[in-house]
Amino acid sequence: MDDDAGDGAASGGTKRKVTAASSSAAAKGKAAGKGKAASKASALATAKESSLLKQKSPAEFFAENKNIAGFDNPGKSLYTTMRELVENALDSAESISELPDIEIIIEEITKSKFNTMIGLVDRQRIDEELYDDFESAKAREKRLAKEARFQETQAKNAALGKKVKEAPAARGKGRGEAAFFRVTCKDNGRGMPHDDIPNMLGRVLSGTKYGLRQTRGKFGLGAKMALIWSKMSTGLPIEIKSSMKGQNFISFCRLDIDIHKNVPHVHLHEKRENKDRWHGAELQVIIEGNWTTHRVRIIFSFFLFSEIESWNCTVEKITSYLLQSKILHYMRQMAVITPYAQFLFRFLSDSPDKNLTIQFARRTDVMPPIPLQTKHHPSAVDLLLIKRLISETTKQNLLQFLQHEFVNISKSHAEREMGPDFSAKTTVKSLTSQQLVRIHQLFRQAKFDDPSGNVFEGHPFIVEAGISIGGKDVKHGLNIFRYANRIPLLFEQGADVITRTALKRINWSSYKINQQQDKIGVFVSIVSTKIPFKGTGKEYIGDDITEIASAVQSALKQCCLQLKSKIVKKLQARERQDRKRNLNRYIPDVARAIMETLGEIADESPPKRPRYDKEDEELLEKVNSEEVTEMTFRDCLTQHVEQVDYEMALEYAMQSGVSEEPREALYLNSLEGSYKFIDFQSPVFVFRFIP
């Protein structure tokens, strides 16, 4: 029994051991299960975190940040849409040396008409107080009283000859009086290839203006932003008609943009008959806008008011409607910058009082030459650009690549620059990353000649400036007109380099100009292959680029010096006129006094001894016989004053070395054969030396 008991005990112990082992295995299994669950949870968490990483297309980015492209609000969006379409039209016509002929139509679409277009049925309002334009009886009474007081004040100011202010615009709580507009722009430019139209207008940051060339457009964004704004505000597509020179068909395309994918969504793309052999492009877009806010900017920031075809309203309504003080301001800006273009502007509305048609006639047939594409300057390139140029080049070895793809690198310069690290016959495609970095470092450290003109960051630029004094309808003080690549810059004037230079860096008094009292016109145009705009809206150039600020200051100073010489001459001429006027004022009194004195002498009895010479005796005899009268002396004195004034003016002209008459080159022709010669030029003549 004991054995059995021992065996039983042993067996019992064995069972207990097995049970313990099973428990341990179960515990391990549970731990393993928990570990797997934990790892699964961790993987899910990681997946969830990774799913938080999102990407945005360029179209989506600009749709969410439309203000950086000039689409801040409905009013500004309408202005920017038209501006971008007009600038594209000008670039297109100029690219084929065609005098621009552009037609712009802005058609106001009422809310009910817009709802009909999209198939939406109007319904009556249930609760008026829920709407933004609701006005209670008390608020209306208060507003009318305020308007009456304002009109009374304006009437008093007008009676006293004081300046009359513009009536304040009504302010709503929400987006104001935004409406819908169909904007159409038609040109006679190059047109667009049939197959490229969807991508040219339906894909953000795609365009034909990339490269080192002076153009108005630069970012491949303007017309696409109008399409994005149309999709955001109305949901309607854009319509395009286009035909290139020599084509017997017109491409018609109706499309919008997939903002999330940045790809065009084509509704219709077909070819139509071109009976008139027209070439160019016509774009039509329907957007939300505000005509009242920016109507003056829209009409007159682009054109010269030269011919009114038809006004459908009275002169009084025109004056109040178009805010006359601003009209001339914007007329003159584009009059200076695009005198070779012709525009036809129309505003159409259901209200006959608003309908407007204005033609802005071409004032010259001379166009500026087409800007040519230039090469990159070595100091303005980076590693990415070097790699891209290598991938696109057709040159085989390094020496040819450096000479062909960059400006101001001659063969000898390239051989010296490469040094022992490179061979002239090194294949461009075989360059390693280290060698590319070395080339980039050499570009940054080596000394290269600058391109023609002024330079910033390796990009050439030219500053054109002009200064005027006086004029009609010009306010006193500085009137600044800013341009960049033939674009009028109308916004953010206070932060612009041109404004700050004119206000802070020019000592106007040293040039005989009174900054406060004189009517000063300052015109500055900056042209370059790269305009450093602050933002894609192309509204102003910052004051943080020293090279541009210095060039603007230098150009304005040169204009001031030329103007100072004119002002000084005008002041001296005025002094001569004053002196002449003063002398002429005393001529009658002097002539009378002389005549009286001679008459008294002539009436005296003849002296025993002659006191006068023969000429004096003859004069006295003529006085007695009334052959010489007071009028004779007046005429003589007047002629003498004229002669003295002429001699003084001639002496001044000889001393200053400046003549107002046009000068022509004068050459002495050789009697024998042709020779090499050297021209010596001066402000007065040209001397040709023939050795």
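PHE491: assigned to a loop (DSSP other than H, G, I, E, B) and at negative phi, yes or no? Break it down stepwise before answering.
On the way: assigned to a loop (DSSP other than H, G, I, E, B): yes; at negative phi: yes.
It is true that PHE491 is assigned to a loop (DSSP other than H, G, I, E, B) and at negative phi.
Looking at region 67-79, which of its residues are closer than 27 Å to GLY191 by Cα and either open to solvent by 10 Å² or more (accessible area, probe 1.4 Å) or at pLDDT 85 or above (or both)?
Passing the criteria: only PHE71.
Contact list please: Cβ distance under 7 Å, first residue in region 327-349 and open to solvent by 40 Å² or more (accessible area, probe 1.4 Å), second residue of a type in the set (Ser, Thr, Tyr) and at pLDDT below 85, pairs at least six apart or on different chains.
What qualifies is ARG346/THR357.
Pairs needed: first member in region 481-496, hydroxyl-bearing (Ser, Thr, Tyr); second member anywhere, assigned to a loop (DSSP other than H, G, I, E, B); C-beta distance under 8 Å; at least 6 residues apart or different chains.
TYR483/LEU489
For residues that are aromatic (Phe, Trp, Tyr) and within 18 Å of the chain's Cα centre (by Cα), tally how many sit in region 501-555.
3
Only one of (1) β-branched (Val, Ile, Thr); (2) within 27 Å of GLN373 (Cα to Cα); (3) surrounded by fewer than 21 Cβ atoms within 10 Å (Cβ to Cβ) fails for ILE480. Which number is that?
With (1) β-branched (Val, Ile, Thr); (2) within 27 Å of GLN373 (Cα to Cα); (3) surrounded by fewer than 21 Cβ atoms within 10 Å (Cβ to Cβ) applied to ILE480, the lone miss is (2).
Report yes if some residue within region 87-102 is under 37 Å from the mean Cα position of the chain (by Cα), at positive phi, open to solvent by 40 Å² or more (accessible area, probe 1.4 Å) and at pLDDT 85 or above; otherwise report no.
Just the residues of region 87-102 that are under 37 Å from the mean Cα position of the chain (by Cα), to begin with: 87-102.
When the remaining residues are screened for being at positive phi, the result is 97.
Going one step further and asking which of them are open to solvent by 40 Å² or more (accessible area, probe 1.4 Å), we end up with 97.
Within this subset, residues satisfying the condition of being at pLDDT 85 or above are 97.
So far as region 87-102 goes, yes, one or more of its residues are under 37 Å from the mean Cα position of the chain (by Cα), at positive phi, open to solvent by 40 Å² or more (accessible area, probe 1.4 Å) and at pLDDT 85 or above.
Give just the number: which of (1) in contact (Cβ under 8 Å) with a residue 12 or more places away in the chain; (2) over 16 Å from GLU547 (Cα atoms) does ARG500 not satisfy?
ARG500 satisfies every listed condition except (2).
So how many residues does region 514-555 have that are among the small types (Gly, Ala, Ser), without any contact (Cβ under 8 Å) to a residue 60 or more places away in the chain and under 30 Å from ALA223 (Cβ atoms)?
Adding up the residues that qualify gives 1.
Scan (1) open to solvent by 50 Å² or more (accessible area, probe 1.4 Å); (2) free of Cβ contacts under 8 Å to residues at least 24 places away in the same chain for the single condition LYS111 breaks and write down its number.
(2)
The values are calculated or read from the model by the stated rules, or taken from the named source; none is laboratory data. Since the model is a prediction, treat every value here as computed from it, not as a measurement. Every residue, glycine among them, receives a Cβ derived from its backbone with ideal geometry; neighbour counts consider all protein chains shown. Side chains are part of the model used for accessible areas, which takes the heavy atoms of the whole protein and leaves out ligands, DNA and RNA. Shrake-Rupley method; radii C 1.70, N 1.55, O 1.52, S 1.80 Å.
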